[in-house]
Amino acid sequence: MCVHLEEYKVSYFAVPKCACTSLKTMFFEVENGFAWRNYVANSKKIWVHNAYPSLPFEKARKQSAPGFWKFAVLRSPVERLVSCYRNRLMRGRGRQQLLARAGELEARGLSRTPDFAGFMEHFDDYCDLSPDVKAHSRPLSFFLGTDPGYFDRLFRLSELAEVMAELRQRITKLPELLHLQTRGADVQIGKVHSRTEQQIRKLFDEDYRLFGAHF
């Protein structure tokens, strides 16, 4: 469902690794009047993404409504994958999933701690062994469809100040946008080699064709 605010006629279409945790957390406070806090129910941890799941575009668009101001935040495939590598493959749930399948990693000849080039060299394998990594590295078109003209505004990640300025015109008492999901910021990758960048451009060719003007 992403985030659809009936009161303010705003629809936000979320893309993982594009500030979506920060934006969903802010929109929860808009809707409820208090800040989001992770909690446990029946021994299951509940995160903000359980409240606002990032859905495939065709499902998400059905929950928006005519007349809503529709927007999304974009990031280049290279930057998204670097973030996924740091925040999901080398840290957190994605890392836990890979280590739990250490035998399969070894059988496929995969490193438990690949560098970024190694991650991209065996991208499909790592996504296969970690659903969390796969979920956070799907193409933009999976979440935003194939018609950029559907949206009223598409913002770059570097334009979050403009996102907030637009939202303040539509939403009263807009909370502060927090910088969340900083896990993995300490992971160093160095310069992305041209060969690796070409691999990414080939894998995410559709994203470059559809949304390249916004990167």
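Structure data summary
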item: Answer from Arg80, Arg37, Arg75 - the residue that is charged (D, E, K, R) and without any contact (Cβ under 8 Å) to a residue 60 or more places away in the chain; result: Arg37
item: Qualifying position, being surrounded by 18 or more Cβ atoms within 10 Å (Cβ to Cβ), β-branched (Val, Ile, Thr) and either more than 23 Å from Val163 (Cβ to Cβ) or modelled with pLDDT under 95 (or both), among Val48, Val30; result: Val48
item: Verdict on Glu79 being of a type outside the set (A, V, I, L, M, F, W, C) and within 19 Å of Gln169 (Cα to Cα); result: no
item: Pair list, Cβ < 8 Å and 6+ apart or interchain, from the stretch 138-158 residues that are touching a residue at least 40 places away in the same chain (Cβ under 8 Å) to residues that are of a type in the set (Asp, Glu) and crowded, with 16+ Cβ neighbours inside 10 Å; result: Pro139/Asp207; Leu140/Asp207; Ser141/Asp207; Arg153/Glu166; Leu157/Glu79
item: Considering residues of the stretch 53-89 that are closer than 21 Å to Glu162 by Cβ and under 14 Å from the mean Cα position of the chain (by Cα) only, the residue surrounded by the fewest Cβ atoms within 10 Å (Cβ to Cβ); result: Glu79
item: Enumerated helices (runs of 4 or more DSSP H) restricted to the stretch 93-178, each holding at least 1 residues that are surrounded by fewer than 18 Cβ atoms within 10 Å (Cβ to Cβ) and over 22 Å from the mean Cα position of the chain (by Cα); result: 102-107, 160-168
item: Search result, residues across the stretch 29-59 that are over 22 Å from Arg88 (Cβ atoms) and assigned to a helix (DSSP H, G or I); result: Glu29, Val30, Glu31, Asn32, Glu58, Lys59
item: Checklist (1) at positive phi; (2) of a type in the set (Ser, Thr, Tyr); (3) surrounded by 14 or more Cβ atoms within 10 Å (Cβ to Cβ) applied to Thr21, failing item; result: (1)
item: Matching residues, the stretch 76-92, being in a helix (DSSP H, G or I) and not β-branched (Val, Ile, Thr); result: Pro77, Glu79, Arg80, Leu81, Ser83, Cys84, Tyr85, Arg86, Asn87, Arg88, Leu89, Gly92
item: Looking only at the stretch 110-137, and only at residues there that are of a type in the set (Asp, Glu) and free of Cβ contacts under 8 Å to residues at least 60 places away in the same chain, the one that is farthest from Leu203 (Cα to Cα); result: Asp132
item: Among the residues listed as Gly67, Gly109, Gly33, Gly92, the single one being among the small types (Gly, Ala, Ser) and within 19 Å of His179 (Cα to Cα); result: Gly92
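The values are calculated or read from the model by the stated rules, or taken from the named source; none is laboratory data. Just so it is clear, the structure is predicted and the values come from calculations on it, not from any experiment. Every residue, glycine as well, gets a Cβ built from its backbone with ideal geometry; the counts of neighbours run over all protein chains shown.
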